[in-house]
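Asks: Submitted below is the structure of interest, expressed as structure tokens.
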Amino acid sequence: MVCEYSYDPNTRKMRVDCLGCIYGASIEDSPECMSRTIEKLMEVGRTTGVILAETREYEYDERNTALLLEIAQAVIKIVKTEKLTAIKNLGITECEKCVPRRFSKMQDIVSTLKSDPIDAYKMLLREIRHVNMNIKKTQNPLCIKCYNHYLNRALIPIKNIIEPLRLIQLSADKIKKSGDRSIYREIFHPTIRPNFMFTRFISLPPANAEPLDRYTVGDGNSVQIVKIPGKVRLLYHISPSEFNLTEDEYMLLDSARNYLSEHKPKEAELTDPERIRERFYNINFDLLNELAERYGKTIPAKRLSKLASILTRYTAGFGVLELLLQDEKIQDISINSPVSQSPIYIFHSDFGECETNLVVSPKDAESWATRFRLMSGRPLDEANPVLDTELIVPGGRARVAAITRSLSPEGLGFALRRHREKPWTFPLFIKNKMLNPLGAGLIWFIIDGARTFLVAGTRSSGKTSFLGSMMLQIMPSTRIITVEDTLELPVVALKKLGYDIERLKSRSVITQVKTELPAEEALRTSLRLGDSSLIIGEVRSREALALYEAMRIGALANVVAGTIHGDSPYGVFDRVVNDLGVPATSFKATDIIIIANRLKTPDGLHSFRRITEITELRKHWTETPEKGGFEPLMQYSAKDDELKPTPTLLTGESTILNNISQNIREWRGNWDAIWSNINLRAKILNLIVESAKKTNDDSLLEAPFVMQSNNIYHLLCDEVRKEVGSLDSDMIYDKYVAWIKEQIRKKEL
């Protein structure tokens, strides 16, 4: 079958329809494919990309295309421009007996140059060696003249054209290898896109890449982390399970996608992602089953279900974004504008900043932007160039920031902050060394003491995740109200666990959607919704005044907590008072400031998150708390890589802890009892972590078990108090150990 070629003068890309071609669609694997592509490049000239379309599209980027275009130009120069293979250059007029063989050899070299340039170069070198040997052996002056004529008029000029080619230079150290095409597989790396999707994938990591890690995410999606020599940023290479389908399955998916291209979901469906996904899955399954019967293909029901899930991901879902959000080690995803000209970048919890092998198409970007607009109810256009929203897909959820013209001159761009599908917990943070058991026990104690908190830190320091874990430590008997402009806190998961939570969504200070209530009004409304703990997603602007109003009202009643940007307690004060306009005396309503930061290794290549300070705010100062107002209770030790208690905490001089004790008869004036209870909580949290490690059962670290554990702790405290008249920490711990052992035994049955 003859391949059909087309050239787009706007993108300067050449597309080759290879469907049904017996030679396949791979320049690196097929000499015929390489030859025909180079011949076409000789016709069209300047080209920035080559796309070979079969059941999948193989796109060779500008760098790969430049290598091919250089060969095409070399062939033109050899044959047409300088006519080096002309008969006059192959022999002298006095003797033409060797010309026919030389002419045949030249045609072989030129033909091979288009299909296998490396082999053509080797053929040329062998011919030059052959001629030089004959010059040395012969005594005939006429033959010497003829050989030199052939050498200097044809062979050496052709060598001077071929040898500098970048493809030849790239393979210079491997030029003596056997004549297979493995060298080309190391040089040419097309991005691959099955016809049913729009995003392109780079199929293989570079041959010289050093593997660092390999694991699987989701339904059989293979991930490799590799280091490329000379590059600081690592490569996150994902091979989706949809790349391991049979040709029949690709054909079915492609046909089904064509049928579905005319199906436009209603706007009402797009605002309900779960509903539209379920609807599309059912449609896709029935359609694939029908197409399989029509084409006479036998596809088991299990495989049809997998195909329907894949098709749903690229029709009702968010395509490759869902693949990335399934990986719990990914924390941030960046898609820069213009989207088709650079890969997706991610931040990996183990390896830091990474480049991926995924390139988003403009069609994908437009589709995502439309869905984000409809799901959030917020605009995204030139008049409103920023959109903040939340994305929830199977396997993950994320906060999304989308930008477009007029803010972004090159069009759409996206940034996603991934959140765990399940809530973070104190035991999970202890396992990851974000904080140690004592720090967790201290914060848990203060939460039960109904104090006010600000969780501060730099960008991407884990503030919101930590605030979500603190919510889990609030007793389920306490009602919680959350106020967020972008929904990030694990409210849905906590509701499923039985928490009494009311979620309020306020106007974004960035997008300023007029139909939404300003954050300060949402906060004041929360105070009229009954006695509750109040959790604010992030303190950004004018709502700070309302927050401190809530803190003053909520003091000694329920927890009030929020996140804010700041890298130190004084930095928080400076932001709240000087930037956000809260009176300095109102700032005294803050009880505890928790600082979370992302720390880096000395080489600058790796980072890790830690709680670096737990500080109480004392109330005796007047204008500024800089001197004597901030009293650290625990501080991060770089040497030990953990929080360490300060003398203030160890000697019982904490104002906040002593104030808490005033409301509890058993603890009033008894620092030893307070310290014992804090350590009891720390031991319980540490036991959970150690039990999960010992049993290899990480479900012990997750929210359902942690909530159950917290409830048992409070029930055991009540039980022991009734038995002995006080909170005997040793008795409580012994009973807790017996309880957790019983829970583990039940799990093992």
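The values are calculated or read from the model by the stated rules, or taken from the named source; none is laboratory data. Since the structure is predicted, the reported quantities are computational estimates derived from the model, not experimental observations. Counting neighbours? That spans all protein chains shown, and the Cβs are built from the backbone with ideal geometry, glycine included. Ligands, DNA and RNA are stripped out before the accessible areas are found, and what is left, the full protein with its side chains, is counted by its heavy atoms. Shrake-Rupley method; radii C 1.70, N 1.55, O 1.52, S 1.80 Å.
Asks: Counting just the Cα atoms, what span does region 274-362 cover along each of its three principal axes? Round to the nearest Å and put the largest first.
Replies: Projected onto the principal axes, the Cα atoms of region 274-362 cover 47, 27, 26 Å.
Asks: Taking only protein heavy atoms and a 1.4 Å probe, what accessible area per residue, in Å², does the chain have with all protein chains in place? Mind showing how you got there, number by number?
Replies: Values: 33210 Å² over 749 residues.
Roughly 44 Å² per residue, with all protein chains present.
Asks: Output the lone cysteines of the chain: those with no second cysteine's C-beta under 4.7 Å from their C-beta.
Replies: 3, 33, 95, 98, 143, 146, 354, 717
Asks: Another question about this same structure. Give the calculated FRET efficiency between residue 39 and residue 305 to the nearest 0.05, with a Förster radius of 45 Å applied to their Cβ-Cβ distance. Could you put the intermediate results ahead of the total?
Replies: Numbers: r = 45 Å, r/R0 = 0.99.
That pair, residue 39 with residue 305, gives E of 0.50.
Asks: Within region 651-749, list the trypsin sites (Lys or Arg not before Pro) lying in a DSSP loop whose Cβ has at most 14 other Cβ atoms in a 10 Å radius.
Replies: Values: sites: 665, 668, 681, 683, 693, 694, 721, 722, 735, 741, 745, 746, 747; in loops: 665, 668.
Qualifying residues, ordered by number: 665, 668.
Asks: If a/c stays under 1.5 just call it rounded; otherwise compare a/b with b/c (prolate if a/b is bigger, oblate if not). Do that for region 603-702, with a ≥ b ≥ c from the square roots of the Cα gyration tensor eigenvalues. All intermediate terms of the calculation are to be shown ahead of the outcome.
Replies: Working: a/c = 2.78, a/b = 1.28, b/c = 2.17.
Oblate.
Asks: What is region 312-374's relative contact order, in percent, from Cα pairs under 8 angstrom and six or more apart in sequence? It would help to have the intermediate numbers written out before the result.
Replies: On the way: 65 pairs, mean separation 14.6, N = 63.
Here the relative contact order equals 23 percent.
Asks: Counting only residues 5 or more places away or on other chains, whose amide H sits under 5 Å from the amide H of residue 411 once H atoms are built in the peptide plane?
Replies: Counting only residues 5 or more places away or on other chains, the set is 405.
Asks: If you don't mind, there's one more thing I want to ask. For the chain, what is the charge dipole size about the Cα centre, in debye to the nearest 20, if Lys and Arg each add +1 at the Cβ and Asp and Glu each add -1 at the Cβ? Intermediate values should be presented prior to the final figure.
Replies: Details: 102 positive and 98 negative charges, 482 e Å.
So the dipole magnitude of the chain works out to roughly 2320 debye.
Asks: To continue, here is another question. Between helix 99-115 and the chain, what is the angle of the helix's C-alpha long axis to the longest principal axis, kept within 0 to 90° and rounded to the nearest 10?
Replies: It works out to around 20 degrees.
Asks: Output the antiparallel fraction of DSSP beta bridges having both residues in the chain, as a percent to the nearest 5.
Replies: Numbers: 75 of 106 bridges.
Looking only at bridges with both residues in the chain, the antiparallel portion is about 70 percent.
Asks: Which number comes out as Rg/Rh for region 1-64 once both Rg and the Kirkwood Rh are worked out on C-alpha atoms? Could the numbers behind the result be given before it?
Replies: Numbers: Rg = 10.7 Å, Rh = 11.6 Å.
In region 1-64, Rg relative to Rh is 0.92.
Asks: Quick check of the Kirkwood formula: for region 2-132, what is the inverse mean of 1/r over all pairs of different Cα atoms, in Å? Don't skip to the end; give the middle numbers.
Replies: On the way: mean 1/r = 0.0623 Å⁻¹.
The Cα-based Kirkwood calculation yields 16.0 Å.
Asks: For the chain, what does the helix formula give at 222 nm: sum of -39500 (n - 2.57) over DSSP H segments with n ≥ 4, over the residue count, nearest 500 deg cm²/dmol?
Replies: On the way: 26 runs with 307 residues, N = 749.
Dividing the helical sum by the residues of the chain leaves -12500 deg cm²/dmol.
Asks: Next question. Roughly how tilted is helix 141-150, in degrees to the nearest 10 and between 0 and 90, from the longest Cα axis of the chain?
Replies: Between the helix axis and the principal axis of the chain, the angle is about 40 degrees.
Asks: Taking 21 Å as the cut-off for C-alpha to C-alpha distance, list the pairs among 227/306; 114/174; 329/431 that go past it.
Replies: Working: 227/306 32 Å; 114/174 19 Å; 329/431 15 Å.
In this structure, 227/306 lie more than 21 Å apart at Cα.
Asks: I've got another one for you. In µm²/s, what is D for region 89-245 at 10 °C and 1.306 mPa s, where D = kT/(6 pi eta Rh) by Stokes-Einstein and Rh is the Kirkwood radius from Cα pairs? Could the numbers behind the result be given before it?
Replies: Working: Rh = 19.4 Å.
So the translational diffusion coefficient is about 82 µm²/s.
Asks: Oh, and also: Roughly what angle does helix 31-44 make with the longest principal axis of the chain, taking Cα atoms, 0 to 90 degrees, to the nearest 10?
Replies: Once rounded, the angle reads 80 degrees.
Asks: To continue, here is another question. Quote the Stokes-Einstein diffusion coefficient, in whole µm² s⁻¹, for region 531-656, based on the Kirkwood radius over alpha carbon pairs, a temperature of 10 °C and a viscosity of 1.306 mPa s.
Replies: Values: Rh = 15.7 Å.
My calculation gives 101 µm²/s for D.
Asks: Mind jotting down a quarter of the surface of the convex hull over the alpha carbons of region 70-135, in square nanometres, one decimal?
Replies: Values: hull surface 18.4 nm².
Taking a quarter of the hull surface, the average projection is 4.6 nm².
Asks: Give me the percent of accessible area attributable to carbon and sulfur for the chain, probe 1.4 angstrom.
Replies: Numbers: 16700 of 33210 Å².
C and S fraction of accessible area: 50 percent.
Asks: Further, regarding this structure: What number, in percent, do you get for the relative contact order of the chain if the mean sequence gap of Cα pairs under 8 Å and at least 6 apart is divided by its residue count?
Replies: Numbers: 1271 pairs, mean separation 57.1, N = 749.
RCO, the chain: 8 percent.
Asks: Additional query: Taking Rg/Rh (Cα atoms, Kirkwood Rh) straight from the coordinates, which label in (i) 1.11; (ii) 0.97; (iii) 1.05 is the correct one?
Replies: Step by step, Rg/Rh (Cα atoms, Kirkwood Rh) for this structure corresponds to label (i).
Asks: Can you pull out the GluC sites (Glu not before Pro) in region 83-166 whose DSSP state is coil and whose Cβ has at most 15 other Cβ atoms within 10 Å?
Replies: Details: sites: 94, 96, 127; in loops: 94, 96.
Those that pass, being in a loop and sparsely packed, are 94, 96.
Asks: Can you work out the base-10 log of I(q)/I(0) for region 146-237 at q = 0.21, 0.22, 0.23 1/Å, using the Debye formula on its C-alpha atoms alone?
Replies: Ignoring solvent entirely, the Cα scatterers give -1.17, -1.21, -1.23.
Asks: Need one number: % antiparallel among DSSP beta bridges in region 1-105, to the nearest 5. Don't skip to the answer; put the middle values down first.
Replies: Details: 10 of 15 bridges.
Antiparallel bridges make up about 65 percent of those DSSP assigns within region 1-105.
Asks: So what's the net charge close to residue 161: Lys and Arg +1, Asp and Glu -1, counting the other residues with Cβ under 11 Å from its Cβ?
Replies: Numbers: positive: 77, 159; negative: 70, 82, 163.
Taking every other residue near residue 161 into account, the sum is -1.
Asks: For region 298-386, what is the charge dipole size about the Cα centre, in debye to the nearest 20, if Lys and Arg each add +1 at the Cβ and Asp and Glu each add -1 at the Cβ? Each step should come with its number before you reach the end.
Replies: Details: 9 positive and 11 negative charges, 129 e Å.
Dipole of region 298-386, to the nearest 20 debye: 620 debye.
Asks: Quick check: pseudo-label points 7 Å beyond the Cα along Cα→Cβ at residue 182 and residue 361, how many nm apart are they?
Replies: Simple spin-label model gives 3.5 nm for this pair.
Asks: Which loop-located trypsin sites (Lys or Arg not before Pro) does region 203-240 contain, where loop means any DSSP state but H, G, I, E or B and the Cβ has at most 12 other Cβ atoms within 10 Å?
Replies: Details: sites: 214, 227, 231, 233; in loops: 231, 233.
Qualifying residues, ordered by number: 231.
Asks: If Lys and Arg each add +1 and Asp and Glu each add -1, what is the summed charge of the other residues whose beta carbon sits under 13 Å from the beta carbon of residue 13?
Replies: 0
Asks: First measure r as the distance between the Cβ atoms of residue 66 and residue 432, then evaluate 1/(1 + (r/R0)^6) with R0 = 45 Å and state the FRET efficiency to the nearest 0.05.
Replies: Numbers: r = 45 Å, r/R0 = 1.00.
Efficiency, from the Cβ-Cβ distance: 0.50.
Asks: Along region 58-70, what does the Karplus equation 6.51 cos²θ - 1.76 cosθ + 1.60 (θ = phi - 60°) give for ³J(HN,Hα), rounded to whole Hz, x for Gly and Pro?
Replies: Per residue, the Karplus-derived 3J(HN,Hα) values read 10, 10, 9, 6, 4, 5, 5, 5, 4, 4, 5, 5, 5 Hz.
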